[in-house]
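*Asks:* Okay, handing you the structure first.
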Amino acid sequence: MSEKVQEKKSAKELNKILTGEYLQDARTAHEHGKYIAYTTAVSPVELFVAHDIIPIYPENHAVACLTKRMGAKLSQVMENRGYTSHLCAYARSDLGYRVTGESPMGGIPDPDFNLACNAQCFTLTKWFEVLSRAYNVPIFVFDTPQWIRDPEARKEIVKYCVQQLKELVAALEELTGKKYDYDRLREVIKYSRDASLLYRKFLDMAAYKPSPISIFDALIHMAITVYLRGTPQCVDYYQTLCDEVQAKADQGIGVVENEQFRLYWENLPIWFKFRDHFNLLKSYGANILSSLYIHAWSYEFDCDKDPLETLAENYVSVFSNVTLEERAEMALDLFQRYSMNGSLMFVNRSCKAVSFAVYTLKDVITEKTGYPALIFESDMGDPRFYSETQIKTRIEAYLETLQGRAAQVA
């Protein structure tokens with residue numbers, strides 16, 4: 001009797017399987033002699049993977065809470081304890097979980113060590129300090145000075161960051177009682193490099209017309225590179241995803257039927273309006289293709305360099321840690337690569353580090369591209385600061401403006 005051929009799993013199926021295995025490994029880490037480290041989404045996680053430390057991301061857990069519309073309730077718990085509503089919704093919801101125990105994913109395991117990287121924002125550092133006090137565990141802050149363009153300054157910044165990574169390695173050796181294996185780190189970085197290249201290939205498929213992906217697809221699929229980079233499973237996942245999306249592109253299948261408007265998005269997503277926004281835009285033939293946020297994990301690791309040096313270069317240079325001028329250039333590059341013809345610019349009260357420049361970016365993008373942009377204010381996770389009628393009306397009016405421009409050109 002012939003052997004039954006095992007059906008190849010889809011990227012969607014793999015996403016679910018890999019996420020489940022990752023969480024199970026974390027919840028049983030101590031049973032297998034491993035440690036748990038809380039870390040920020042942008043941080044040199046390869047150092048953990050190479051040392052048998054499982055990284056857990058409170059930000060990811062917060063997103064799970066926000067997409068399930070638990071943000072207001074969990075935030076209110078912390079506000080009742082004296083935390084202002086002006087703080088990041090990620091922090092408020094995750095800390096609220098620590099009080100109530102309420103989580104859509106059964107919570108996350110407690111940490112043995114915390115690593116906060118401030119390339120994203122300074123709120124993360126304070127949030128992780130609170131978590132360190134709550135669990136009485138050590139915290140390491142990876143300080144990343146702004147990535148300014150002066151070549152000599154950049155050399156000094158990299159040196160400073162490499163020195164910190166050496167100190168972090170020493171801290172991990174003290175935590176585990178085990179000598180660090182740099183050969184293993186080089187192997188892990190190769191996996192990160194390969195996964196990052198495939199992840200970028202996936203994002204770049206937005207250049208097809210019609211686009212086989214939207215930013216909403218990217219936001220779902222980027223989770224794997226956030227918490228599994230540095231592993232062969234991450235590489236295999238993005239190869240599967242790229243093959244699937246390429247097949248759609250080859251058949252001319254677009255995620256939005258009769259795609260007319262290809263939009264740039266500035267800032268993080270509004271997590272609790274995820275599906276609603278996609279459906280509203282789709283009804284107008286509009287597709288949000290990309291943002292700097294989803295490209296933050298398309299790293300360019302150089303495996304020929306010292307491993308700590310290439311880690312430092314990549315994690316210090318994310319879009320949230322560069323100058324306004326360079327950030328505008330990065331946004332315009334995406335706009336041109338994907339042939340976009342409009343922009344939705346979100347001023348996010350929860351993420352002031354990313355939002356401070358939105359008004360200026362809107363002016364720059366509008367001037368350089370000639371396409372109008374819509375700017376609006378809300379919160380990425382707290383529905384108390386989301387005006388349903390006002391925002392929907394403004395988005396509809398903007399899309400109708402784009403339709404009018406298109407009709408005139410035609």
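FYI, it's all coordinate maths here, none of it is from the lab. Since we're looking at a predicted model, the values are computed, not measured. Methodologically, a virtual Cβ is constructed for each residue, glycine included, from the backbone with ideal geometry; neighbour enumeration extends over all protein chains shown.
*Asks:* Under a point spin-label approximation (7 Å from Cα along Cα-to-Cβ), what is the R27-E388 distance to one decimal in nm?
*Replies:* For the pair R27/E388, the computed spacing is 3.4 nm.
*Asks:* Using helices alone, what [θ] at 222 nm do you get for the chain, with -39,500 (n - 2.57) per DSSP H run of 4 or more residues, divided over all residues and rounded to the nearest 500?
*Replies:* Computed mean residue ellipticity for the chain: -17000 deg cm²/dmol.
*Asks:* Quantify how much of the Cα-Cα distance distribution of region 11-409 extends past 41 Å, in percent.
*Replies:* Tail of the P(r) past 41 Å holds 12 percent of the pairs.
*Asks:* Sticking with this one: Excluding A331 itself, what net charge comes from residues whose Cβ is under 13 Å from its Cβ, given Lys and Arg +1 and Asp and Glu -1?
*Replies:* Local charge sum for A331: -3.
*Asks:* If contacts are Cα pairs under 8 angstrom and at least 6 residues apart, what is the relative contact order of region 11-409 in percent?
*Replies:* After rounding, I find 19 percent.
*Asks:* Want the number for E400 to I148: 0.36 nm per residue separation, take away the alpha-carbon distance, what's left?
*Replies:* 86.8 nm
*Asks:* What is the helix-to-structure angle for 89-100, meaning the angle in degrees between its Cα long axis and the longest Cα principal axis of the chain, kept from 0 to 90 and rounded to the nearest 10?
*Replies:* 50
*Asks:* Right, something else. Relative contact order for region 165-275: what is it in percent, counting Cα pairs under 8 Å that are at least 6 residues apart?
*Replies:* Relative contact order comes out at 31 percent.
*Asks:* Scan around Y293 for amide H atoms under 5 Å from its own, H built in the peptide plane at 1.01 Å from N, and keep only partners 5 or more places away or cross-chain.
*Replies:* Correct list: N267.
*Asks:* Can you sort E400, E46, E187, E79 by how many other beta carbons sit within 10 Å, fewest first?
*Replies:* E400, E79, E187, E46
*Asks:* Could I ask something else about it? Rounded to the nearest 20 Debye, what is the dipole magnitude of the chain about its Cα centre when Lys and Arg each give +1 and Asp and Glu each give -1 at the C-beta?
*Replies:* 940
*Asks:* Round to a whole angstrom and tell me the spacing of the C-alpha centers of region 154-184 and region 239-304.
*Replies:* Result: 36 Å between the Cα centres.
*Asks:* Same structure again: Once a ≥ b ≥ c are taken as the square roots of the eigenvalues of the Cα gyration tensor of region 83-193, is the result rounded (a/c under 1.5), prolate (a/b larger than b/c) or oblate (a/b not larger than b/c)?
*Replies:* Oblate is the answer for region 83-193, as a/c is 1.5 or above yet b/c matches or exceeds a/b.
*Asks:* Considering the options P109, A406, Q390, tell which one lies farthest towards the positive end of the dipole of the chain, charges being +1 on Lys and Arg and -1 on Asp and Glu at the Cβ, about the Cα centre.
*Replies:* About the Cα centre, the residue reaching furthest to the positive side is Q390.
*Asks:* Here's a follow-up. If neighbour count is taken as other Cβ atoms inside 10 Å, put H61, H86 in order from fewest to most.
*Replies:* With the sparsest Cβ surroundings first, the list reads H86, H61.
*Asks:* Would you calculate the separation in nanometres between label points at E326 and D236, each defined as 7 Å from the Cα along the Cα-to-beta-carbon direction?
*Replies:* About 3.7 nm, to one decimal.
*Asks:* A follow-up question, please. Report Rg (one decimal) and Dmax (nearest whole number) for region 8-66, counting Cα atoms only, units Å.
*Replies:* Expressed in Å, the Cα Rg and Dmax of region 8-66 come to 12.7, 33.
*Asks:* Multiply the residue gap between T100 and D181 by 0.36 nm, knock off their C-alpha separation, and tell me the result in nm, one decimal place.
*Replies:* This chain segment gains 25.2 nm when fully extended.
*Asks:* Is the shape of region 187-308 rounded, prolate or oblate, going by the alpha carbon gyration tensor and its root eigenvalues a ≥ b ≥ c, with a/c under 1.5 for rounded and a/b larger than b/c for prolate?
*Replies:* prolate
*Asks:* Starting from the 7 Å offset along Cα-to-Cβ, what nm value, one decimal, do you get for the label separation of F274 and A407?
*Replies:* About 3.6 nm, to one decimal.
*Asks:* Also, quick follow-up: Show the residues, 5+ positions off or on another chain, whose built amide H is closer than 5 Å to the amide H of F142.
*Replies:* Long-range HN contacts for F142: A116, C117, N118.
*Asks:* What is the list of residues in region 229-254 whose amide nitrogen lies under 19 Å from a point 7 angstrom out from the Cα of I17, following Cα to Cβ?
*Replies:* Backbone N within reach: 229-245.
*Asks:* Below 12 angstrom from the Cβ of A37, what's the summed charge of the other residues (Lys, Arg +1; Asp, Glu -1)?
*Replies:* -2
*Asks:* Could you calculate the FRET efficiency of K126 with S10 from 1/(1 + (r/R0)^6), where r is the beta carbon distance between them and R0 is 51 Å, rounded to 0.05?
*Replies:* 0.80
*Asks:* Taking the 0 to 90 degree range and rounding to the nearest ten, how far is the long axis of helix 151-176 tilted relative to the main principal axis of the chain, both from C-alpha atoms?
*Replies:* Here the helix axis deviates by roughly 50 degrees.
*Asks:* For S343, list long-range residues whose amide hydrogen, built 1.01 Å from N in the peptide plane, is under 5 Å from its own amide hydrogen.
*Replies:* Residues meeting the criterion, in which the H sits 1.01 Å from N, are Y264, L374.
*Asks:* What list do you get for V188, V226 if you sort them by fewest beta carbons within 10 Å?
*Replies:* Listing V188, V226 from fewest to most nearby Cβ atoms yields V226, V188.
*Asks:* Against the longest alpha carbon principal axis of the chain, how many degrees, from 0 to 90 and to the nearest 10, is the axis of helix 182-204 turned?
*Replies:* 10
*Asks:* Right, something else. Using only C-alpha atoms and all pairs of different ones, pull out the Kirkwood radius for region 330-410 in Å with one decimal.
*Replies:* It is 13.9 Å.
*Asks:* Per residue of region 236-246, what does 6.51 cos²θ - 1.76 cosθ + 1.60 with θ = phi - 60° give for ³J(HN,Hα)? Whole Hz please, x for Gly and Pro, Karplus curve as stated.
*Replies:* 4, 4, 6, 5, 4, 5, 4, 4, 5, 5, 4
*Asks:* Run the numbers on region 317-383 and let me know its relative contact order in percent, using alpha-carbon pairs under 8 Å that are six or more apart.
*Replies:* Result for region 317-383 is 36 percent.
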